[in-house]
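The values are calculated or read from the model by the stated rules, or taken from the named source; none is laboratory data. This structure is a prediction, so every number in the text was calculated from the model and none was measured. Cβ placement follows ideal geometry from the backbone for every residue including glycine, while neighbour counts extend to all protein chains displayed. Remember, those area values only see protein heavy atoms, side chains included, never the ligands or the DNA or RNA. Shrake-Rupley method; radii C 1.70, N 1.55, O 1.52, S 1.80 Å.
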Amino acid sequence: MNKQRPVNLDLSTIRFPATAVASILHRVSGVILFFGVGILLCMLGMALASEQGFADVAGFANNPFGIFILWGILTALAYHLVGGIRHLIMDMGFWEELDSGIKSANVSFVITAVLSVLAGVWLW
C-alpha cells in the first residue's frame with residue numbers, strides 16, 4: 001500500500017503545542033527530581049557523617065556550581081509540583097478543552113518561571 005502523505009523531515013520546523021511541551025517537561029522534571037533526590041541524600045549523608053563532611057557539603061552549597069545544581073533541583077521541583085496540580089485539576093474534569101488546556105499550560109510555565117526566579121534569589 002503506497003501512501004502519498006507528505007513527510008516533514010526538517011526537525012527545525014516542527015512546533016509542539018504548549019500542552020505537549022508541558023507534558024514532556026513534566027516527565028523531564030520527574031527524571032531530574034529522581035536524580036536530584038539522590039544528590040540531596042548523598043549530601044545529607046555526608047553532612048551527618050562527620051564535621052568535615054558537613055564542611056564539605058557547606059562548601060559545595062556555597063560554590064556557584066553547587067548553587068546552580070540546587071537551583072536546578074528546586075526549579076524541577078517547582079515545575080513538577082505546578083504541573084502535577086494542573087494534571088490533578090484536569091483529572092477532575094476541568095481544563096480539558098483545547099483552549100483552556102493551552103492557557104493552563106502557559107500559566108504553569110509562568111508560575112514556574114516566577115518560582116524559579118524566587119528560588120534563584122533565595123539561593124544567591
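What to note about this one:
- Histogrammed with a bin width of 5 Å, the alpha carbon distances of the chain distribute as 2, 10, 14, 16, 14, 12, 10, 8, 6, 4, 2, 1, 1, 0, 0 percent, first bin at zero.
- Protection proxy ranking of 23-33, 73-83, by the mean of other Cβ atoms within 10 Å over each peptide's residues and highest first, is 73-83, 23-33.
- Rounded to the nearest whole Hz, the Karplus-based 3J(HN,Hα) values (6.51 cos²θ - 1.76 cosθ + 1.60, θ = phi - 60°) of region 112-118 follow the sequence 5, 4, 5, 5, 5, 5, 4, with x at glycine and proline.
- Given +1 at the Cβ of Lys and Arg, -1 at the Cβ of Asp and Glu and no other charges, the dipole of the chain around its Cα centre is 420 debye to the nearest 20.
- Multiplying the residue separation of LEU88 and GLN4 by 0.36 nm and removing their Cα-Cα distance gives an extension gain of 26.2 nm.
- Cα pair distances exceeding 17 angstrom across region 24-66, given as percent: 43 percent
- Å² per residue, accessible surface of the chain at 1.4 Å: 73 Å²
- Surface share of carbon and sulfur [accessible, 1.4 angstrom probe, percent] for region 50-124: 74 percent
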